[in-house]
Amino acid sequence: MITSKTIGNGILRALIITAGSVLLLYILYLIQPVIYFLFIALIVSMIGSPIVHFLEKKLKFNHIAAVIVTMLFFILLLAGFIMMFVPLIISQSENLSLLDTEKLQNDLTQLVERLNSYFSDRHIDTENLIKESNIASKINLNFIPNFLNSILGTLGNIGMAIGSIIFISFFFLKDKKLFTINAKKILPEEHEDKILKSFRKINHLLSRYFIGLIGQITILFVLYLIVLLIFGVQNALIIAFITALLNIIPYIGPLIATILVAVLTMLGHLDPQVQGDMLSTTLYVLIGYSIAQIIDNNVTTPLIFSNSVNSHPLEIFIVILASGFLFGVLGMIVAVPLYTIIKVVAKEFFPENPVVKVLTRGI
């Protein structure tokens, strides 16, 4: 029999669960950076797992030494990536110094005079308007030190993030077996095998996916580098690497890379001695990049998606597109890994569902 006490206890329990859920979501919101660090560290550990396995099985490293060597490899790779930006920034700064600032100033002066003439013809006193608006008093030059402080703060945050990710990744790789043993103690017995099997499948598929993604970026890097070297673009190695790395962002990344290489190619031809070739060189580079991206879209990408996460390219396209609309660029980047996780879990827990059968037949 349902009594008032039973109903009251049910309502109280529902309120406690709701309050606990809200509190948990609020805490997760407050510690968003930690969640991001864990997620990135998990990706790093997935990429590093095959390297650790290779060092242990082929080169007979012990587990700790293999993990340390793997993390040192990632650190050196990161340091090299950061150092690549320095010569690029210096070079583009030198190119910008070649601009004819006197001509630019004359052009601006002529533009102001034309604007004054235009307004004067229409009986608009621009000088009086500027005085009445009191623009000078409203200009706050405090933005300069504030901007510099924000840059320093951002650099500090990036440094802390990198240190945290390296630290977490090390223990993800080092104590992988320990995590599995402890997970068995926590997980409910009736679902323990399914959950652990899902973890193993997810780790295997995503490791293949991220390694395939690195392979895709490497192929694009080589193709971009060949194009840039053929047409004598300055800092070809750095530009090819940066533009290839942008391919991490599906569909939008190649577009950003194309715009970036066009700008950097034109900046590299600001020298008056080679300025006449600026437009033609930029056009040839853009054609070369387009050919490289066609090869990537029609050969490399389908192979990675079909062989790593066992998903049809059209299926992946729809997932990435939907994630982009819902969560922006970040959603597009994490769409494939999250979709793979959902598919694996669905296959383990709902294997008889007809939709799950169709979507997970290759897993």
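A few notes on this one:
- For the set Lys185/Lys343; Lys60/Lys347; Lys57/Lys357, the pairs lying more than 31 angstrom apart at their alpha carbons are Lys60/Lys347; Lys57/Lys357.
- Close amide H pairs (under 5 Å, H built 1.01 Å from N) link Thr360 with no residue at least 5 positions away or on another chain.
- Most to least packed among 193-199, 22-28, 231-237 [average Cβ atoms within 10 Å]: 231-237, 193-199, 22-28
None of the figures in this text is laboratory data; all of them are computed from the coordinates on show. These figures come from a predicted structure and were not determined experimentally. Cβ: placed from backbone, ideal geometry, glycine included. Neighbour counts: every protein chain shown.
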